[in-house]
There are 2 protein chains.
Amino acid sequence: MIKLTKRTEYGLIALVHLAERQGQVVSAREIGEQYPVPRRLLAEVLKDLQHGGLVNSTRGAHGGYTLAAPAESISLGKVVAMLEGAPSVTDCTAPETAQPCEVHATCPIRSPLDRIRGGIWNLMEQTSLQSLMDPGPVVSLRGSLTPSGKAAPELES
Amino acid sequence: MIKLTKRTEYGLIALVHLAERQGQVVSAREIGEQYPVPRRLLAEVLKDLQHGGLVNSTRGAHGGYTLAAPAESISLGKVVAMLEGAPSVTDCTAPETAQPCEVHATCPIRSPLDRIRGGIWNLMEQTSLQSLMDPGPVVSLRGSLTPSGKAAPELES
DNA sequence: ATAATTCGCACCGAATTGCTGCGCTTTCCC
DNA sequence: GGGAAAGCGCAGCAATTCGGTGCGAATTAT
């Protein structure tokens with residue numbers, strides 16, 4: 001199914017919240033109080049974001065989280081990749097699967113499907129956290145589905 | 001997770017196969033023999049496609065399926081919507097959920113997330129079965145994420 | 001009749017998802 | 001120093017979804 005998980009949804013809520021108070025240390029509890037987000041799960045998500053280096057965490061009494069980078073430089077793609085694992089359109093397109101997918105040779109939709117995946121991914125890569133907050137147009141894609149199929153050059157590395 | 005289900009994958013394989021022999025009646029068994037697709041499940045998928053009017057089915061001895069429309073007029077979006085149900089980026093964006101999603105008012109990422117969904121959807125809507133088969137560029141998106149957020153005007157109706 | 005097909009359920013096992021519990025560590029404040 | 005506040009790590013649980021199958025009925029060419 002084409003959808004994002006709750007983890008990503010919560011993560012985005014938190015990130016946007018952090019972005020609004022850039023610099024300030026915000027606790028998971030505070031965020032959990034403002035939105036109907038199970039704070040326990042939110043903490044889990046924040047932890048993952050911290051692992052990925054998107055947020056900094058401060059422990060201890062008045063601890064909490066801050067954005068580790070400006071909102072403009074955080075792409076939706078990064079968040080999704082971090083919170084949901086490697087994205088793929090079908091299982092056999094997942095690079096780490098390493099199973100050459102027996103169809104491979106015959107499968108007539110493999111590479112096209114790859115292009116779709118690239119397009120979706122490109123969409124997310126080009127969407128920054130900042131633009132998610134802006135009211136205006138987010139991004140203008142063009143030529144996102146090129147024959148090369150490599151619309152999303154680098155993901156995480 | 002951002003991915004298509006096996007159902008869609010199998011459906012696309014079948015549709016492409018049907019498109020290649022446009023006009024000819026092709027049985028589920030034949031398709032199942034060419035690709036490592038459980039023919040039982042394939043039949044299930046084909047049935048759904050028939051329900052949605054994308055393919056015609058002929059019963060009886062030399063029965064099978066044919067494309068119900070030219071490959072150019074079948075969009076990837078239609079197939080996905082038909083095989084995976086209403087697409088949504090998060091649960092609360094699903095129209096039929098009807099739960100107004102308590103955050104709604106406060107949720108800072110609802111509408112942006114909606115735009116993402118629209119963008120992805122738009123991508124699929126603009127990708128025809130035919131273009132999936134062509135080797136060239138598939139589609140050139142531009143302005144897919146407009147502030148209006150309604151990048152995908154009509155879905156199924 | 002018989003064989004080849006699709007059709008319509010219903011069902012099962014496995015994986016994923018959303019969520020919670022419990023205890024530990026770190027840090028601030030008194 | 002002691003307590004409270006906060007993050008960290010791991011493990012587990014319930015519900016849903018997904019991939020796949022079984023079985024029989026209906027339909028049609030030979």
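Residues of the range A:42-56 that are more than 8 Å from DNA strand D (Cβ to nearest atom) and more than 14 Å from every other protein chain (Cβ to nearest Cβ): A:Asp48, A:Leu49, A:Gly52, A:Gly53, A:Leu54, A:Val55, A:Asn56. For the range A:19-33, a residue qualifies if it is β-branched (Val, Ile, Thr) and either over 16 Å from A:Gln50 (Cβ atoms) or surrounded by 16 or more Cβ atoms within 10 Å (Cβ to Cβ) (or both), and the qualifying residues are A:Val26, A:Ile31.
If only one of B:Leu42, B:Leu54, B:Leu76, B:Leu46 is surrounded by 13 or more Cβ atoms within 10 Å (Cβ to Cβ), within 19 Å of B:Glu125 (Cα to Cα) and at pLDDT 95 or above, which one is it? Exactly one of B:Leu42, B:Leu54, B:Leu76, B:Leu46 is surrounded by 13 or more Cβ atoms within 10 Å (Cβ to Cβ), within 19 Å of B:Glu125 (Cα to Cα) and at pLDDT 95 or above, namely B:Leu54.
The numbered conditions (1) of a type outside the set (S, T, N, Q); (2) within 9 Å of DNA strand C (Cβ to nearest atom); (3) within 14 Å of chain A (Cβ to nearest Cβ) are all true for B:Leu15 except (2). Within the range B:115-129, the set of residues being of a type in the set (Val, Ile, Thr) and more than 14 Å from the chain's Cα centre (by Cα) comprises just one member, B:Ile116.
Of all residues in the range B:54-70, those being in a strand (DSSP E or B) and not β-branched (Val, Ile, Thr) number 5.
Within the range B:35-78, which residues are among the polar types (S, T, N, Q), closer than 15 Å to B:Gln24 by Cα and out of contact with any helix residue (DSSP H, G or I) (no Cβ under 8 Å at 6 or more places or on another chain)? Passing the criteria: only B:Thr58. Take the residues of the range B:57-80 that are within 14 Å of chain A (Cβ to nearest Cβ) and touching a Gly at 6+ places or on another chain (Cβ under 8 Å): which is nearest to DNA strand D (Cβ to nearest atom)? Per the criteria, the residue is B:Val79. Against the list (1) outside any helix (DSSP H, G or I); (2) at pLDDT 95 or above; (3) under 11 Å from the mean Cα position of the chain (by Cα), the condition B:Pro87 fails is (2).
Within the range B:6-41, the set of residues being aliphatic (A, V, I, L, M) and more than 9 Å from DNA strand D (Cβ to nearest atom) comprises B:Leu12, B:Ile13, B:Ala14, B:Leu15, B:Val16, B:Leu18, B:Ala19, B:Val25, B:Val26, B:Ala28, B:Ile31.
Out of all the residues in the range A:66-82, is one or more among the basic types (Lys, Arg) and within 13 Å of the chain's Cα centre (by Cα)? Yes - at least one qualifying residue is present in the range A:66-82.
Looking at the range B:1-53, the helices (runs of 4 or more DSSP H) lying wholly inside it that each contain 1 or more residues that are within 13 Å of the chain's Cα centre (by Cα) and farther than 11 Å from B:Thr66 by Cα sit at B:6-20, B:39-51.
The values are calculated or read from the model by the stated rules, or taken from the named source; none is laboratory data. On a predicted model such as this, the values are computed, not experimentally measured, just so you know. Cβ atoms come from the backbone with ideal geometry, glycine included; neighbour counts cover every protein chain shown.
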